[in-house]
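Asker: Can you keep this structure in mind? I'll have questions shortly.
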Amino acid sequence: MKYLSFIVVLLPCQFFSQEITKKEEIKNAIIEKRIEYLIEDAEDSDADYTAIFDQLSFYYDHPLNLNRASLSELEALGLFNGFQVNNLLTHIEKNGKLMTLVELQTIALFDLELINLVEPFVKVSANVDSPQLNLKTLLKNGENTIFFRYQQVLEEKKGFSNASDSALFKSPNSRYLGGPEKLYARYRFKYGNHLSVGFTAEKDAGEEFFTGTQSRGFDYYSGHFFLRNQGKVSQLALGDYQVQFGQGLTYWTGAAFGKSADILLIKRSAVGLKPYTSADESRFLRGGGIAFQFNKIEVTTFYSYHQMDGNISLADSTNVDNEVLAITSLQQTGFHRTVNELEDKDAIVQEQIGGHLAFKTRRLNLGVTGIHSNLNATFTPTLYSYSQFRNNDNQQTNVGLDYNWIYKNFNLFGEYAQSIAAGRAFVSGALIVLDPRIYLAILYRDYARNFQPIASAGIGEGSTNENEKGMYMGFVAHPIKKITMSAYYDQFTFPWLKYQVNAPSKGYQYLAQITYKPSKKLELYVRIRERNKGENTAAELGEGIAYLVNEKQTNYRFHYVHKISPSFTLKGRVELINFDKEESPFETGYLVYQDVKYKALSSPISFSFRYGIFDTKSYNSRIYAYENDVLYAFSIPAYYNRGVRTYLTVKYKIHKGIDLWLRYGATFYDNVKTISAGLEEIQGSTKSEVKMQLRFKF
């Protein structure tokens, strides 16, 4: 009887523990799949998508109550489009609160596939989700998370190789000052969707750590305090934070999605203020902001005092108090590894003050944004013919108007932005429901050559919202149950010169994709994407004068995901590329990879393995591909030259609330003897990296 009593007590504990493990594994699988879908077309291996993971992770742990959710909360969830949000709120208004999630199928534009997608992140309840922000409740129901991460490239880079004292004296920037390891630490406390407090610290490879110029340890520290929905205060941000308004033209800090197979992403969904939890060292504000909600009126104001890296002008650069007088550019890499990079660190102060006034109803949103930026040093950038209209003053002021209107089957949105004493930018678009199975997207943009954005992220072909006009048209259709078709065509012109484009130019880009999902266990798609634009010819005429030629890049892709068992999932891709620049050799390339993912709910170990081969002529014909990484780390490397790429990411659940990740990735080239250049140069044909991450959650 004694042993029987022990078993009776033990079994529920084991069952509860297995249920927690199961929920955690399902959660990570769903979020990883969603993030991969959103960023698979990204071409920035250094981008930080922590905010996306944070958002989905939060709503998985604290599902949004659809019966109590506001318009802004439903939009911030990022899983519904404007039509679905409007139809949901209209349904609740007319018919009362939802009884179950199954009832969503009775609402227009809600199908079973969408319900399955959002089910882990929402709930249906009649209870009022009212926060009780007292110390006892915070300590009882709050969630603490601590991360430690270590990563290092195993091969020796030139910047870390030995050099004599005399050589370093003659050339102090010929070596990195610190060690080759990259370190990351993060703590965060969260209470529901109402309170977030945390800090992040990072040391890049090559930066010193508790020695020399970094006696405080990490090179980068960031902290935040964020409060939401407390009376009339809808948002309060202190410390480091981000700001996003309208369609991203007047003011938007942080990343935003570009053109992709999901055509609905061309519409920005601004969230106002948001806590900053990433390790990007420049694209955020440091100070405070607050938003008040008065029925249909929302008022937001913010201020930032942020020390920024700047390229110091050599002539009259400092005064007698050693204050920087002039800079030629702002630096956004966040690297402080050499003497020169350290000289640029925190060289100047950028002050920004702004606000947003919005009128919000379920169908109509009108907003006004103003932003003023000031640098405490003279800004003297080197201007070329193509960049002569850019800002060359230490002060900037931009204002803008934005709108979002849902009328029947039309969702109209746009923004007008004006640089005071300079140019303007305009974007306007529409999402149209022709049928529950057919969506259309249209967007027109016109960014003047002398528009001077302070921080913007509007849809466009260029890296900045300037000197561009374009018309985008796309559709997504579900002709039959298991088939999804999506496509877009974007035609653009650059009325003025661009970097390495010595004349006005034009081009186009299109994408067409067919997705076939015969069952929950199998999904595959085929895609073609092509971009054609003008570029300077590689050949030079006369005294270095280049003329324009067409540069066309075409990608063909086949991709599949097959869940062969509850524990194993196979994922594979074949991608071909043609790069055709007139008067230059024609280039082709390919990437083929196979992934194996193992996640057994009964096992504390899970892993993701990839083996891929690639062959491209040069960096021009590179191919990007998303890689699974440790939690809160993101890899989108460019595959080029010829070789093999493989990685193994293993997660081990040490104990409840304690998880360990280990990752090894390596690229083996067979047509190069050196990798990269400058201080990053590696002698040899192999580049490998290890990562180790530990998480405590309590």
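The values are calculated or read from the model by the stated rules, or taken from the named source; none is laboratory data. All figures in this text were calculated on a predicted structure; none of them were measured in a lab. Here the Cβ positions follow ideal geometry from the backbone for every residue, glycine too, while neighbour counts run over all protein chains shown.
Asker: For the stretch 404-443, how many residues are in a strand (DSSP E or B), among the aliphatic types (A, V, I, L, M) and surrounded by fewer than 20 Cβ atoms within 10 Å (Cβ to Cβ)?
Answerer: Let us first name the residues in the stretch 404-443 that are in a strand (DSSP E or B), namely 404-407, 410-419, 424-435, 438-443.
From what's left, among the aliphatic types (A, V, I, L, M): 406, 412, 417, 425, 427, 430-434, 438, 440-443.
When the remaining residues are screened for being surrounded by fewer than 20 Cβ atoms within 10 Å (Cβ to Cβ), the result is 412, 430, 432-434, 438, 440, 442.
Residues that pass the stated criteria total 8.
Asker: Follow-up question, since we're still on this one. Can you report the number of residues in the stretch 358-385 which are of a type in the set (A, V, I, L, M) and in contact (Cβ under 8 Å) with a residue 40 or more places away in the chain?
Answerer: Residues in the stretch 358-385 being of a type in the set (A, V, I, L, M) and in contact (Cβ under 8 Å) with a residue 40 or more places away in the chain: 5 in total.
Asker: I'm trying to understand the selection: among the residues of the stretch 564-589, which are out of contact with any helix residue (DSSP H, G or I) (no Cβ under 9 Å at 6 or more places or on another chain) and farther than 16 Å from ARG610 by Cα?
Answerer: ILE564, SER565, PRO566, SER567, LEU576, ASP580, GLU582, GLU583, PRO585, PHE586
Asker: Quick one: count up the residues across the stretch 197-219 that are assigned to a strand (DSSP E or B) and in contact with a Ser or Thr (Cβ under 8 Å, 6 or more places away or on another chain).
Answerer: 4
Asker: Are there any pairs, at least 6 apart or on different chains, whose C-beta atoms fall under 6 Å, with the first in the stretch 98-127 and over 20 Å from TYR59 (Cα atoms) and at pLDDT 80 or above and the second assigned to a loop (DSSP other than H, G, I, E, B) and not β-branched (Val, Ile, Thr), and if so, which?
Answerer: From residues that are over 20 Å from TYR59 (Cα atoms) and at pLDDT 80 or above, the pairs are LEU109/PRO436.
Asker: Going through the stretch 506-522 one residue at a time, which ones are of a type outside the set (A, V, I, L, M), more than 25 Å from the chain's Cα centre (by Cα) and in a strand (DSSP E or B)?
Answerer: Scanning the stretch 506-522 gives LYS506, GLY507, TYR516, LYS517, PRO518, SER519.
Asker: Turning to a different aspect of this structure: Any chance you could count how many residues in the stretch 178-194 are over 11 Å from ARG228 (Cα atoms) and not in a loop (DSSP other than H, G, I, E, B)?
Answerer: Of the residues in that region, 10 qualify.
Asker: If you don't mind, another one. Could we say that GLN388 is among the polar types (S, T, N, Q) and either free of Cβ contacts under 8 Å to residues at least 12 places away in the same chain or in contact with a Cys (Cβ under 6 Å, 6 or more places away or on another chain) (or both) here?
Answerer: yes
Asker: Follow-up question, since we're still on this one. If I filter the stretch 75-91 for residues that are of a type in the set (D, E, K, R) and without any contact (Cβ under 8 Å) to a residue 60 or more places away in the chain, do I get at least one hit?
Answerer: no
Asker: On the basis of being within 27 Å of ILE442 (Cα to Cα), out of contact with any helix residue (DSSP H, G or I) (no Cβ under 7 Å at 6 or more places or on another chain) and touching a residue at least 24 places away in the same chain (Cβ under 8 Å), does LYS533 make the cut?
Answerer: Here the answer is yes, as LYS533 does meet what is asked.
Asker: May I pose another question? Output the qualifying pairs, or none if there are none: Cβ atoms under 6 angstrom, residues six or more apart or on different chains, first residue in the stretch 622-645 and free of Cβ contacts under 8 Å to residues at least 12 places away in the same chain, second residue part of a strand (DSSP E or B).
Answerer: The qualifying pairs do not exist here.
Asker: Regarding the stretch 677-698, can at least one residue be identified that is in contact with a Leu (Cβ under 8 Å, 6 or more places away or on another chain), more than 23 Å from LYS182 (Cβ to Cβ) and surrounded by 15 or more Cβ atoms within 10 Å (Cβ to Cβ)?
Answerer: No, every residue in the stretch 677-698 fails to be in contact with a Leu (Cβ under 8 Å, 6 or more places away or on another chain), more than 23 Å from LYS182 (Cβ to Cβ) and surrounded by 15 or more Cβ atoms within 10 Å (Cβ to Cβ).
Asker: Enumerate the pairs (first residue in the stretch 201-230 and free of Cβ contacts under 8 Å to residues at least 12 places away in the same chain and over 15 Å from SER282 (Cα atoms); second residue anywhere and basic (Lys, Arg) and part of a loop (DSSP other than H, G, I, E, B)) with beta-carbon separation below 9 Å, excluding pairs fewer than 6 apart on the same chain, so at least 6 apart or on different chains.
Answerer: PHE210/ARG216
Asker: Given the conditions (1) modelled with pLDDT of 80 or more; (2) within 28 Å of the chain's Cα centre (by Cα); (3) not in a helix (DSSP H, G or I), report the number of the one that ASP48 does not fulfil.
Answerer: Unmet for ASP48, out of (1) modelled with pLDDT of 80 or more; (2) within 28 Å of the chain's Cα centre (by Cα); (3) not in a helix (DSSP H, G or I): (1).
Asker: Spot the failing condition for GLN418; the list is (1) without any contact (Cβ under 8 Å) to a residue 60 or more places away in the chain; (2) polar (S, T, N, Q); (3) touching a helix residue (DSSP H, G or I) at 6+ places or on another chain (Cβ under 9 Å), and only one is missed.
Answerer: For GLN418, the failing item is (3).
Asker: Of all the residues that make up the stretch 468-495, how many are touching a residue at least 24 places away in the same chain (Cβ under 8 Å) and not in a strand (DSSP E or B)? Talk me through it step by step, then tell me what you get.
Answerer: Keep residues of the stretch 468-495 that are touching a residue at least 24 places away in the same chain (Cβ under 8 Å), which gives 468-479, 482-488, 490, 492-495.
Add one more test, that the residue is not in a strand (DSSP E or B), and what stays is 478-479, 482, 495.
Of the residues in that region, 4 qualify.
Asker: Out of TYR176, TYR191, report the one residue that is touching a residue at least 24 places away in the same chain (Cβ under 8 Å), of a type in the set (Phe, Trp, Tyr) and within 26 Å of TYR59 (Cβ to Cβ). Lay out the reasoning, then the answer.
Answerer: Values: TYR176 fails: within 26 Å of TYR59 (Cβ to Cβ).
Every option except TYR191 fails the conditions.
Asker: Give me the pairs, please: first residue somewhere in the stretch 669-683 and closer than 15 Å to TYR619 by Cα, second residue anywhere and among the small types (Gly, Ala, Ser) and surrounded by 12 or more Cβ atoms within 10 Å (Cβ to Cβ), beta-carbon distance under 8 Å, and either six or more positions apart or on two chains.
Answerer: Taking only residues 6 or more apart or on different chains, the pairs are TYR669/GLY643; TYR669/SER685; ASN671/GLY643; VAL672/SER685; THR674/GLY684; ILE675/GLY684; ILE675/SER685.
Asker: Give me the strands (runs of 3 or more DSSP E) completely within the stretch 259-355, filtered to those with at least 2 residues that are among the polar types (S, T, N, Q) and at pLDDT 95 or above, ordered by residue number.
Answerer: Working: elements: 272-275, 285-294, 297-312, 326-331.
Passing ranges, in order: 297-312.
Asker: Something else: For the stretch 566-619, name all the residues that are more than 19 Å from LEU648 (Cα to Cα) and among the acidic types (Asp, Glu).
Answerer: GLU575, ASP580, GLU582, GLU583, GLU587, ASP615
Asker: Another question, if that's okay. Working only within the stretch 244-262, note down all residues that are of a type outside the set (Ser, Thr, Tyr), in contact with a His (Cβ under 9 Å, 6 or more places away or on another chain) and closer than 19 Å to TYR276 by Cβ.
Answerer: Result: PHE245, single match.
Asker: Still on this structure, please answer the following. Does PHE614 satisfy the condition of being surrounded by fewer than 18 Cβ atoms within 10 Å (Cβ to Cβ), of a type in the set (Phe, Trp, Tyr), outside any loop (DSSP other than H, G, I, E, B) and in contact with a Gly (Cβ under 7 Å, 6 or more places away or on another chain)?
Answerer: Numbers: surrounded by fewer than 18 Cβ atoms within 10 Å (Cβ to Cβ): no; of a type in the set (Phe, Trp, Tyr): yes; outside any loop (DSSP other than H, G, I, E, B): yes; in contact with a Gly (Cβ under 7 Å, 6 or more places away or on another chain): yes.
Spelling it out, it is not the case that PHE614 is surrounded by fewer than 18 Cβ atoms within 10 Å (Cβ to Cβ), of a type in the set (Phe, Trp, Tyr), outside any loop (DSSP other than H, G, I, E, B) and in contact with a Gly (Cβ under 7 Å, 6 or more places away or on another chain).
Asker: Which of the residues belonging to the stretch 356-382 are aliphatic (A, V, I, L, M) and assigned to a loop (DSSP other than H, G, I, E, B)?
Answerer: If the condition is that a residue be aliphatic (A, V, I, L, M) and assigned to a loop (DSSP other than H, G, I, E, B), then ALA377 is the only one that fits.
Asker: Being more than 30 Å from VAL299 (Cβ to Cβ) and modelled with pLDDT of 95 or more is the filter here; which residues of the stretch 368-403 pass it?
Answerer: The answer is none; no residue qualifies.
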